[in-house]
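Read through the structure below, which is laid out as structure tokens, and then see the notes.
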Amino acid sequence: MIRHFHATDAIDSIVSELRRTGVVIIDQLETDEVISQFNTDLRPEFDRQGHLFQGDFNGYKTLRVGAVTKYSQMFPRLLANDVVLAIADAVLGAHCDVFQVGSTTAIEILPGESSQVLHADDTCYPSHLMQFEAQISVLWALDDFTEENGATRVILRSDKPDHECEYETAPIYKAVMSRGSVVIYLGSTMHGGGANESDKPRKALVNTYCLGWLRQEENQYLSLDQEDVDQLSDPVRRLLGFQAHGPFLGVWPDDPDGLWYKT
Ligand SMILES: O=C(O)CCC(=O)C(=O)O
């Protein structure tokens with residue numbers, strides 16, 4: 001079973017379950033008003049460009065939008081949620097000076113979509129060479145996630161500890177949760193979108209957070225215009241990767257004041 005927590009639960013106990021099973025749900029982390037506004041902001045983009053990313057992996061009845069920062073003023077609030085950042089820091093902080101965003105993707109699974117192939121998100125890195133987790137994924141429910149409408153499917157690492165081993169026989173659990181909740185999984189956790197057997201779409205936002213010395217999965221420097229970046233608060237801009245990692249990585253010669261690098 002995927003264990004559910006509340007935002008007020010101790011971060012240590014959430015992180016300990018995340019390390020043990022590879023996945024946790026935190027219920028009602030954001031209000032209905034914020035999620036409604038975010039959905040309203042994203043709608044035109046799902047309709048305009050969502051179909052462009054269809055394929056065998058993403059599905060043919062699924063709409064996707066990347067570089068989500070551009071499309072909603074609510075996005076920074078979701079991205080930089082205190083509980084999410086505390087969990088990311090607990091998992092990643094010991095292995096880097098600062099962690100950063102890996103990717104930002106909104107996903108709408110339409111009725112009739114079949115299950116996505118189970119996969120681990122950290123395969124964008126040579127994670128088999130690493131002794132620790134390179135990233136976590138934080139998937140926000142933008143609609144209620146039910147057994148029928150495509151709730152994310154997950155295999156617990158406590159059932160099958162090594163994601164390289166055969167996982168076909170392990171039980172699969174669905175991240176059933178209400179809108180405004182999040183399912184958080186480690187980069188090594190096997191998971192995938194579920195089949196949507198309902199008559200309504202299922203929307204989600206998935207943000208990944210990775211070690212600050214890794215290349216980001218989604219290139220924020222090319223995805224975001226200067227105007228987009230200028231509108232962000234300093235912490236959010238840094239979280240999106242607009243900073244050096246330590247004094248020697250990602251340095252920028254036009255930064256005589258050292259503001260690009262700040263610990
Ligand atoms: O939509 C979901 O529930 C998960 C999607 C996913 O895992 C992916 O596309 O990598």
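The values are calculated or read from the model by the stated rules, or taken from the named source; none is laboratory data. Quantities reported herein were computed from a predicted structural model and do not represent experimental measurements. Calculation scope for accessible area: heavy atoms of the full protein, side chains included, ligands and nucleic acids excluded. Shrake-Rupley method; radii C 1.70, N 1.55, O 1.52, S 1.80 Å.
Observations
- Summary value for the chain: 26 percent relative contact order, contacts being C-alpha pairs under 8 angstrom separated by 6+ residues.
- Percent antiparallel among DSSP beta bridges (both partners in the chain, rounded to 5): 95
- When Tyr209, Tyr261 are compared by accessible area at a 1.4 angstrom probe, the order from most to least is Tyr261, Tyr209.
- Taking every protein chain into account, the 1.4 Å probe leaves Leu249 with about 80 Å² of accessible area, to the nearest ten.
- Shape index of the stretch 4-239: Rg/Rh, with Rg the Cα radius of gyration and Rh the Kirkwood radius from the inverse mean 1/r over Cα pairs, equals 0.93.
- Ranking by accessible area, most exposed first, for Cys210, Cys124 with a 1.4 Å probe: Cys124, Cys210
- Relative compactness, the stretch 75-116, computed as alpha-carbon Rg over 2.2 N^0.38 Å: 1.61
- Accessible area, probe 1.4 Å, largest first, for residues His51, His128: His128, His51
- For the stretch 4-239: accessible area per residue (Å², 1.4 Å): 44
- A straight line joining the Cα centroids of the stretch 187-227 and the stretch 85-146 runs 7 Å.
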